[in-house]
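The values are calculated or read from the model by the stated rules, or taken from the named source; none is laboratory data. Keep in mind it's a predicted model, so treat the numbers as computed, not measured. Here Cβ is always computed from backbone atoms with ideal geometry, including for glycine, and neighbour counts include all displayed protein chains. To get the accessible areas, we keep the full protein, side chains included, count just its heavy atoms, and leave off ligands, DNA and RNA. Shrake-Rupley method; radii C 1.70, N 1.55, O 1.52, S 1.80 Å.
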Amino acid sequence: MSISSSDHIVMPENDENEAVEALETVESADATPEVTFADLGLPEGVVRKLAQNGVTTPFPIQAATIPDALAGKDILGRGRTGSGKTLSFGLPTLARLAGGRTEKHKPRAVILTPTRELAMQVADALQPYGDVLGLKMKVVCGGTSMGNQIYALERGVDILVATPGRLRDIINRGACSLENVEVAVLDEADQMSDLGFLPEVTELLDQVPAGGQRMLFSATMENEISTLVKRYLVAPVSHEVDAAQGAVTTMSHHILIVKPKDKAPVTAAIASRKGRTIIFVRTQLGADRVAEQLRESGVKADALHGGMTQGARTRTLADFKDGYVNVLVATDVAARGIHVDGIDLVLNVDPAGDHKDYLHRAGRTARAGRTGTVVSLSLPHQRRQIFRLMEDAGVDAGRHIIQGAGAFDPEVAEITGARSMTEVQAESAGNAAQQAEREVASLTKQLERAQRRAAELREEADRLVARAARDRGEDPETAVAEAQAEAVAAVEAAEVSVPEQPAAQDVDRAEGAAPYERRERRDNDRGGFRRDDRPAGRSFERRDERGGHRGSDRPFNRDRRDDRPGFRSGGHERPYGRRDDHRGTGSGSGSSFGRRDDKPRWKRNG
């Protein structure tokens, strides 16, 4: 019951306690009991671990799905990305498998995801609760070591989180079988359809024995997804929370119409905002190019796309999560399934391919009830395309015309958090100055430590010099003074003997030296000899006047070569030990190593 201006509660004027009690009675009538994870039937250890991680109240899709999933029913869940679907299917799967036994190469549950990042994200989210129940989990995806994945399957894996292509490859190698799978989960089915993975998905689901539990989660239900539902789910229970349309109350959408020449400066100004930002482009080359341009502008940005190795993608994503990188420039494929806390702005530099791609991009922000902003840049000729895209996505976006790179009106600056490039450069210069000051402070400490160490060593040296002088019967003070004077003279001589030398290129430009003259000057600087300044007392023959092989500096007398063992005096002057000289025995050579021509001819194809 809501109390409006026409509702009145009659309370005694002099009894404030009764008034408070009456108000509390009204409020308690409005309040509804809050559902907890313990009320959903999950194991006590899982509930306790959730509480330790600060997760006490389930999201709507979790509260609706978990009881039916624990009962073993097939689930058809529909909700936008970021609505909490991972725990919706993950926790019931863990609870159902607890206490069972898993054979080698035969997992009991399979979770299929469209991308590597999403597979790793699902495993990271479920692993703490799997550890509580004593269940083993393994990620099987491309870009990582297949040998490690096969080794894990040999030891036994309870739950396999996999991408369809890599799982099919491992099954074809005979390292995995799905004949013992009790629970099969298909996460982000619409993305699998968009990426063309449905043939692999159907091939894998056909290998799962009938009678098990199936759970399918998707943001949209297209024709191909409906086919999967009819083919593999038996009497599914449907749960729909946060439909695929983009009308999320915590998310705002805006379109900025810019001129082509202003697109890059506007992108840099928005990317320089404070906080985490994801920028979406259409191609891998575009991601690298935009990230490089932002770094040149002083923005800490990095690219993420499918052309990178899995290790590089993992490091880039970790840097973004840890705050070392503020801006992530990504393509659609690489960014599917990415969950990073604190992303409050998504910037579409290139328009999305269709409304589903737009919704997946927008789903990187405003996750789990948080607020977020989605901004799309539009060139004048792209306006119709983007307006139609927003209409198909069910989005009511604000429209703003940007007159110039620095002409942000207060409203747009407040929406995007854009800052001028001068401000960004000033902040970058200030950060560089702070870093330099920290380096100076560190070097100063090192210098102080070195000075203290030098003083200690000098005292030790003086003490030893004085002892040596007393042993010789000399005056210790005189000996110490002489040693100190010699040390000072040595330091001064060292400082004088290392004059500052001009750079080689400056000397060459000043004198216009030829290449060979520069080479000889470098030889002189290194303490070498010039060719015409060699000492006369030593023989420096030319290379062609020396004996020996080409490229060798060892003296070798060609005239005496035939007298050495292992050489023949015939036309073939190979040293012994070559493969051609000791295969079998020959005749008429006078040596134990026959000539190639004397040996029986080998068949090349034999």
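For the residues T56, T416, a 1.4 Å probe over the protein chains yields an accessible-area ranking, largest first, of T56, T416. Model label points for A235 and L133, set 7 angstrom from Cα along the Cα-to-Cβ axis, are 2.4 nm apart. Here's the list of lysines a cross-link from K73 could span, going by alpha-carbon distance under 26 Å and ignoring same-chain residues fewer than 8 apart: K49, K85, K106, K136, K138, K230. Ranked from largest to smallest solvent-accessible area, with a 1.4 Å probe on the protein heavy atoms, M308, M390 come out as M308, M390. Loop-located GluC sites (Glu not before Pro) across segment 114-221 with a Cβ neighbour count of 11 or fewer within 10 Å are E179, with loop assigned by DSSP. With a ≥ b ≥ c taken as the square roots of the eigenvalues of the C-alpha gyration tensor of segment 290-379, please select rounded if a/c is under 1.5 and otherwise prolate if a/b is larger than b/c or oblate if it is not? Taking the square roots of the gyration eigenvalues as a ≥ b ≥ c, segment 290-379 is rounded. Accessible surface computed residue by residue for segment 35-81, with neighbouring protein chains in place and a 1.4 Å probe, gives 43 Å² per residue. When the residues L70, L205, L447, L304 are ordered by accessible surface, computed with a 1.4 Å probe over the protein chains alone, the sequence from largest down reads L447, L70, L205, L304. When the Cα gyration tensor is reduced to axis lengths a ≥ b ≥ c, the ratio a/c is 1.5 or higher for segment 165-217, and with a/b not above b/c it is classed as oblate. Estimated at the nearest 10 Å², the accessible area of K73 is 90 Å² with a 1.4 Å probe. The heavy atoms of E423 offer some 90 square angstrom of accessible surface to a 1.4 angstrom probe. Close amide H pairs (under 5 Å, H built 1.01 Å from N) link V237 with D74, I75, L76, residues at least 5 positions away or on another chain.
Excluding same-chain neighbours fewer than eight residues apart, the lysines reachable from K259 by a Cα-Cα span under 29 Å are K274, K300, K356. Each residue of segment 270-276 was assigned a 3J(HN,Hα) from its phi angle through the Karplus expression (A = 6.51, B = -1.76, C = 1.60, θ = phi - 60°), giving 6, 5, 7, 5, 7, x, 7 Hz with x at Gly and Pro. Using heavy atoms of the protein chains and a probe of 1.4 Å, the accessible area assigned to H253 is about 10 Å². Kindly identify segment 134-283 as rounded, prolate or oblate by the Cα gyration tensor criterion: order the square roots of the eigenvalues as a ≥ b ≥ c, call it rounded if a/c is under 1.5, otherwise compare a/b with b/c, prolate if a/b is larger, else oblate. Prolate, because a/c is 1.5 or more and a/b exceeds b/c. Efficiency by 1/(1 + (r/R0)^6): what FRET value for A450 and E423, r their Cβ-Cβ distance, R0 = 35 Å, to the nearest 0.05? It comes to 0.30.
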